[in-house]
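Written below as structure tokens is the structure these notes are about.
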Amino acid sequence: MAVPHRLLCAAALTVAVAVPAAASDADLPAGPIHDRHELMEEIGANAKKIGDAMKSGARDQVAAPARAIRDAAAKVLPLFPEGSLHPKSRALDTIWKDWVGYEKSNKEFEDAAAALVVAAESGSAELPQAVKRMFDSCKSCHEAFRAPEE
């Protein structure tokens with residue numbers, strides 16, 4: 001089943017716009033809160049590259065940012081030590097109240113990012129679906145574990 005182009009664009013825009021946190025680097029304490037902000041900014045920038053590439057039909061430009069996201073996905077969980085909250089962070093305490101759910105959500109993201117790399121590197125016809133799956137995993141986690149932007 002083909003994924004409508006406008007759906008991919010909407011998903012890419014949702015992720016690229018939603019990923020950056022409200023705080024600037026200067027507002028966050030050194031350590032895991034700052035580091036995860038940086039990591040999420042990196043993921044968001046690469047998600048935007050993927051969305052732009054898909055929108056323009058440059059499917060050959062998806063693999064590199066997909067690999068960067070796959071590699072970043074493996075670094076997420078350690079950056080959320082229990083109780084690492086901050087008024088400028090959008091991380092909800094739901095992360096630690098439902099750590100198993102958070103781990104599951106991150107695993108889905110890791111799997112989706114890995115599948116996207118495979119689809120992008122192989123030139124698979126399934127690339128649009130792989131992009132959508134990864135963006136959907138981002139959105140799902142953000143809806144459950146991240147405060148909305150003010």
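The values are calculated or read from the model by the stated rules, or taken from the named source; none is laboratory data. Computed from a predicted structure; not experimentally measured. Every residue, glycine among them, receives a Cβ derived from its backbone with ideal geometry; neighbour counts consider all protein chains shown. Just so you know, the surface numbers come from the protein's heavy atoms only, side chains and all, with ligands and any DNA or RNA stripped out. Shrake-Rupley method; radii C 1.70, N 1.55, O 1.52, S 1.80 Å.
Here's the yes/no breakdown for (1) at positive phi; (2) of a type in the set (Gly, Ala, Ser); (3) out of contact with any helix residue (DSSP H, G or I) (no Cβ under 6 Å at 6 or more places or on another chain):
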{"position": "122", "(1), (2), (3)": "no, yes, yes"}
{"position": "127", "(1), (2), (3)": "no, no, no"}
{"position": "137", "(1), (2), (3)": "no, yes, no"}
{"position": "149", "(1), (2), (3)": "no, no, yes"}
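For region 120-137, enumerate the residues that are in a helix (DSSP H, G or I) and open to solvent by 10 Å² or more (accessible area, probe 1.4 Å). Answer for region 120-137, where residues must be in a helix (DSSP H, G or I) and open to solvent by 10 Å² or more (accessible area, probe 1.4 Å): 120, 121, 122, 128, 129, 130, 132, 133, 136, 137.
Take residue 112 and tell me if it is without any contact (Cβ under 8 Å) to a residue 40 or more places away in the chain, hydrophobic (A, V, I, L, M, F, W, C) and under 19 Å from residue 48 (Cα atoms). The answer is yes for residue 112. Within region 92-102, the residues that satisfy the criterion of being β-branched (Val, Ile, Thr) and open to solvent by 40 Å² or more (accessible area, probe 1.4 Å) are 94, 100.
If the condition is being farther than 19 Å from residue 68 by Cβ and β-branched (Val, Ile, Thr), then region 96-150 contributes only 100.
Out of 89, 84, 105, one residue alone is open to solvent by 20 Å² or more (accessible area, probe 1.4 Å), of a type in the set (Ser, Thr, Tyr) and either out of contact with any His (no Cβ under 8 Å at 6 or more places or on another chain) or not in a helix (DSSP H, G or I) (or both). It is 89.
Filtering region 35-67 to residues that are touching a residue at least 40 places away in the same chain (Cβ under 8 Å), over 10 Å from the mean Cα position of the chain (by Cα) and either in a loop (DSSP other than H, G, I, E, B) or crowded, with 16+ Cβ neighbours inside 10 Å (or both) leaves 36, 37, 50, 51, 52, 54, 59, 62, 63, 66, 67.
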